[in-house]
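Peer 1: Supplied in structure tokens, the structure appears directly below.
The values are calculated or read from the model by the stated rules, or taken from the named source; none is laboratory data. Please read these numbers as outputs of a predicted model, since none were measured by experiment. Backbone-built Cβ (ideal geometry, glycine too); neighbour counts: all protein chains shown.
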Amino acid sequence: MPSPTGFSWPEAMRPLEIRRRARVVASLAEYLAEDLHGDPDRALQAMASLADWCDGDPELLARARTDVLRDTPRAHVAAVKHTYDALQLLDLVAQAS
């Protein structure tokens with residue numbers, strides 16, 4: 001039975017799925033950035049992990065970057081450094097894609 005709006009369910013859910021995936025990638029970038037403190041040699045592994053999750057999707061990377069920026073507490077210096085590291089990882093993956 002067709003939907004009353006004329007859109008298919010998968011088409012209607014696509015924007016929500018993209019936002020959900022971007023949130024997951026943003027969280028992974030934040031986690032990896034925190035995990036890299038004290039061991040910068042693992043940066044290539046972190047980039048590879050992010051690239052696997054993103055599948056080379058520039059829209060997904062851009063949305064994840066926006067999510068990381070939105071999550072930044074404005075007053076906490078350590079959080080800003082952590083966010084900067086996460087953004088660098090996302091940018092490096094975007095450039096490599």
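Peer 1: Being of a type outside the set (S, T, Y), at pLDDT 85 or above and touching a helix residue (DSSP H, G or I) at 6+ places or on another chain (Cβ under 9 Å) is the filter here, so list the residues in the range 51-84 that pass it.
Peer 2: Residues satisfying the conditions are A51, D57, P58, E59, L60, L61, A62, R63, A64, R65, D67, V68.
Peer 1: Let me ask another. Return the total of residues in the range 28-71 being among the polar types (S, T, N, Q) and within 13 Å of L90 (Cβ to Cβ).
Peer 2: So the answer is 2.
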